[in-house]
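Novice: I'd like to ask you about the structure that follows.
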Amino acid sequence: MTSSPLQQALDPEEFRRQGHALIDRLADHLKSMNGREGETVLPWHPPEKQWQDWQALLARGKGMALSEFVEQVLERSIRLHHPGYFGHQVGPPLPAAALLDALAAFLNNGLAVYEMAPAGAAMEWSLLQWMADKLGLPDTSQGLFTSGGSLGNLTALLAARSAFRSRYPQLPASDARLLVSDQAHYSVLRAAQVMGLAADQVVSLPTGADYRLTAETLQVTIEKEKAAGKLPFVLVANACSTATGSFDPLAALAAVCRQHGLWFHVDAAHGAPFCLSPRLKSRLDGIEFADSVVWDAHKMMMVPSLLTAVLFREGRHAWSSFASEASYLFRERAEREWFNLGHRTLECTKGMMAMKLFGVLSLYGEEVLIEHLEGRVQQAQAFAQQLRSDSEFELALEPQANIVCFRHRPPAGRDWNQHQRDLRRRLIEEGRFFLVQTDLGDRTYLRCCFMNPRSEASDWMALLERLRLLGNLQHPFF
Ligand SMILES: Cc1ncc(COP(=O)(O)O)c(C=O)c1O
């Protein structure tokens, strides 16, 4: 008897064959990503070409083998495992963490209410308590997991505003002020827009030459706003900032916030896991005073995107961002039940996202994460030292994290900023290395994020040599 196409697609033996073949292929991919076999870090295709290729594949219709599909994807994707990858703040996940994500996808338990994902709910709750504890937050602390730091910042800021409104119900909404470092991730400004704050309600605080806020600037700004009849309700500090990896002085900022009754939000999307390392945790001194913290596990904890924790000093605030009425889901309206997670997130259905980190801790423990964190910061420091000793390069600032900004000195007559941009584009199109760029003030810098434990000193030395060579070509770019 012939089975239907649907029955064939559901066949467990077919799944077994596909699964084994996929893992074998990915293990081979991992092995080949050593920078010595000519594999490129980014097989560069212009967007239009990429789109046309995928359109053509879609037009081909059914019948493609899984193995061919996988090849098509691998051939056209950036390879984070490649030792020449010094790119954005998304790193190569531990292979086992990727497998656990596949397990989550297979089970597809959607976390909104307990009955939809019983194990997922309990894993989330346990992990959130573990994270709050690691940051030194008090026992009253609770949190939630959500899809990305951007959504995390929005969630925390909504709670901050809700707390403010219940304290000052009579105050005209337009008098509230959100204070934010001028180095904040753009998601904070976007969150302010989503919240309906007018442009003049968002006050950008200037940072110093090290791209960190100072308590004095905060103090002066609050006094100025108050003198003008406005009321700052929240400060957003960085631990660390996106562009340069700079950590704000959290303890000093927390003290000013406390003095003036501001909610203290720490965007620690990148740097929060530094709390695990005895060597790095001092950068976060004062985070234990935060009213809310955003912590992305998909940046520095070797798990696949996305996994963001929003932690609240006072657990009750975890419910205040989104007050919901959905009688078919939340029948008993027992809003404080920890296990009905949908009350606390913008998402209704949400994957079993905590499982990958829970699994990494269960399989390998914190040690593997600490080794990764310390290793990447050490690499960034060694790279910075190398740049300092080389007159052809200019270091923007001492790295506090695993992010290094620098410039190549152009040959006489060439514009510095254009030179960095051209150099990066040329380098990326070649495919051996990948790095990013950022603007600091009116200067464009090259930016390396050390995210990849497979990169070694010889790789970044080779990167510098390549930059030197390309940067000194007579007509290198056009
Ligand atoms: C400091 C900071 N906050 C928030 C975000 C946004 O996180 P996500 O990309 O997970 O939305 C980033 C991303 O780079 C970041 O660096």
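Novice: Looking only at the range 251-273, filter to residues that are assigned to a helix (DSSP H, G or I) and out of contact with any strand residue (DSSP E or B) (no Cβ under 6 Å at 6 or more places or on another chain); which one of those is nearest to L369 (Cα to Cα)?
Specialist: The residue in question is P273.
Novice: Which one is nearest to the ligand (Cβ to nearest atom), of the residues in the range 207-225 that are among the charged types (D, E, K, R) and under 24 Å from M195 (Cα atoms)?
Specialist: E225
Novice: State whether one or more residues within the range 226-241 are within 16 Å of the ligand (Cβ to nearest atom) and over 21 Å from L154 (Cβ atoms).
Specialist: No, the conditions are met nowhere in the range 226-241.
Novice: Could I ask something else about it? Which residues, taken from the range 235-249, are buried (at least 24 other Cβ atoms within 10 Å of the Cβ) and either small (G, A, S) or not in a loop (DSSP other than H, G, I, E, B) (or both)?
Specialist: Passing the criteria: L235, V236, A237, N238, A239, S241, G245, S246, F247.
Novice: Collect the residues in the range 81-96 that are in a loop (DSSP other than H, G, I, E, B) and either within 16 Å of the ligand (Cβ to nearest atom) or out of contact with any Asp or Glu (no Cβ under 9 Å at 6 or more places or on another chain) (or both), keeping them in residue-number order.
Specialist: Selection gives H81, G87, H88, Q89, V90, G91, P92, P93, L94.
Novice: A further question follows. Taking the criterion of being under 18 Å from A117 (Cβ atoms), part of a loop (DSSP other than H, G, I, E, B) and at pLDDT below 85, would at least one residue in the range 299-321 satisfy it?
Specialist: No, the range 299-321 contains no residue that is under 18 Å from A117 (Cβ atoms), part of a loop (DSSP other than H, G, I, E, B) and at pLDDT below 85.
Novice: Let me ask another. Please find, among T207, T221, T217, the residue that is crowded, with 17+ Cβ neighbours inside 10 Å and either within 26 Å of the chain's Cα centre (by Cα) or assigned to a loop (DSSP other than H, G, I, E, B) (or both).
Specialist: T207
Novice: Determine, yes or no, whether L80 is within 19 Å of the chain's Cα centre (by Cα) and over 30 Å from D459 (Cβ atoms).
Specialist: The answer is no for L80.
Novice: Could you list all residues from the range 274-298 that are among the small types (G, A, S) and assigned to a loop (DSSP other than H, G, I, E, B)?
Specialist: S277, G286, A290
Novice: Which condition number does T444 fail, the rest of (1) surrounded by 18 or more Cβ atoms within 10 Å (Cβ to Cβ); (2) among the polar types (S, T, N, Q); (3) under 21 Å from W44 (Cα atoms) being met?
Specialist: The number of the failed condition is (3).
Novice: Which of the residues spanning the range 364-383 are surrounded by fewer than 15 Cβ atoms within 10 Å (Cβ to Cβ) and of a type in the set (F, W, Y)?
Specialist: Answer for the range 364-383, where residues must be surrounded by fewer than 15 Cβ atoms within 10 Å (Cβ to Cβ) and of a type in the set (F, W, Y): there is none.
Novice: Also: Taking the condition of being buried (at least 16 other Cβ atoms within 10 Å of the Cβ) and of a type in the set (A, V, I, L, M), how many residues in the range 447-478 meet it?
Specialist: Final tally of qualifying residues: 6.
Novice: Name the pairs whose Cβ atoms lie under 7 Å apart, with the first residue in the range 180-209 and more than 11 Å from N153 (Cα to Cα), the second away from the ligand (no atom under 14 Å from the Cβ) and among the aromatic types (F, W, Y), and 6 or more positions between them or separate chains?
Specialist: Qualifying pairs under 7 Å: none.
Novice: Hey, another quick one. Any residue in the range 165-177 that is of a type outside the set (A, V, I, L, M, F, W, C) sitting within a Cβ distance under 8 Å of a residue that is surrounded by 13 or more Cβ atoms within 10 Å (Cβ to Cβ) and at pLDDT below 95? List the pairs, counting only those 6 or more apart or interchain.
Specialist: R165/A173
Novice: Only one of D267, D285, D291 is within 11 Å of the ligand (Cβ to nearest atom) and either over 17 Å from H88 (Cα atoms) or free of Cβ contacts under 8 Å to residues at least 12 places away in the same chain (or both). Can you tell me which?
Specialist: Details: D285 fails: within 11 Å of the ligand (Cβ to nearest atom); D291 fails: within 11 Å of the ligand (Cβ to nearest atom).
Only one candidate passes the filter, namely D267.
Novice: Something else about it: Being outside any loop (DSSP other than H, G, I, E, B) and hydroxyl-bearing (S, T, Y) is the filter here, so list the residues in the range 435-458 that pass it.
Specialist: Passing the criteria: T438, T444, Y445, S458.
Novice: Considering only residues that are surrounded by fewer than 18 Cβ atoms within 10 Å (Cβ to Cβ) and assigned to a loop (DSSP other than H, G, I, E, B), which ones fall in the range 409-434?
Specialist: Correct list: R409, P411, A412, G413, R414, D415, G431.
Novice: Right, here's the next one. Starting from the range 133-153, take each residue that is charged (D, E, K, R) and list its partners that are in a helix (DSSP H, G or I) and crowded, with 18+ Cβ neighbours inside 10 Å, counting only C-beta distances under 8 angstrom and pairs at least six apart or across chains.
Specialist: K134/C275; K134/L276
Novice: Sticking with this structure for a sec: State yes or no: is S162 assigned to a helix (DSSP H, G or I), hydroxyl-bearing (S, T, Y), more than 16 Å from the ligand (Cβ to nearest atom) and within 21 Å of D267 (Cβ to Cβ)? Reasoning before the result, please.
Specialist: On the way: assigned to a helix (DSSP H, G or I): yes; hydroxyl-bearing (S, T, Y): yes; more than 16 Å from the ligand (Cβ to nearest atom): yes; within 21 Å of D267 (Cβ to Cβ): yes.
The answer is yes for S162.
Novice: While we're looking at this one, here's another question. Residues in the range 136-153 that are surrounded by fewer than 23 Cβ atoms within 10 Å (Cβ to Cβ) and either within 16 Å of the ligand (Cβ to nearest atom) or among the hydrophobic types (A, V, I, L, M, F, W, C) (or both): how many?
Specialist: 4
Novice: To continue, here is another question. Can you tell me which residue is nearest to the ligand (Cβ to nearest atom) among those in the range 179-201 that are within 23 Å of the chain's Cα centre (by Cα) and either closer than 17 Å to A254 by Cα or outside any helix (DSSP H, G or I) (or both)? Steps first, answer last, please.
Specialist: Going residue by residue through the range 179-201, those that are within 23 Å of the chain's Cα centre (by Cα) are 179-195.
Those left that are additionally either closer than 17 Å to A254 by Cα or outside any helix (DSSP H, G or I) (or both): 179-185, 195.
Numbers: L179: 16, V180: 12, S181: 10, D182: 13, Q183: 9, A184: 7, H185: 4, M195: 16 Å.
Looking at the filtered set, the residue picked out is H185.
Novice: Can you name the residue in the range 66-95 that is surrounded by fewer than 15 Cβ atoms within 10 Å (Cβ to Cβ) and of a type in the set (G, A, S) and is also farthest from Q437 (Cα to Cα) among such residues?
Specialist: In this case the residue turns out to be S67.
Novice: Contact list please: Cβ distance under 8 Å, first residue in the range 7-23 and on the phi > 0 side of the Ramachandran plot, second residue outside any helix (DSSP H, G or I) and at pLDDT below 95, pairs at least six apart or on different chains.
Specialist: Once the first residue is on the phi > 0 side of the Ramachandran plot and sits in the range 7-23, no partner that is outside any helix (DSSP H, G or I) and at pLDDT below 95 comes close enough.
The values are calculated or read from the model by the stated rules, or taken from the named source; none is laboratory data. Bear in mind the structure is a predicted one, so any value in this text is a computation, not a measurement. Cβ coordinates were reconstructed from backbone atoms using ideal geometry, including for glycine residues, and neighbour counts include every protein chain displayed.
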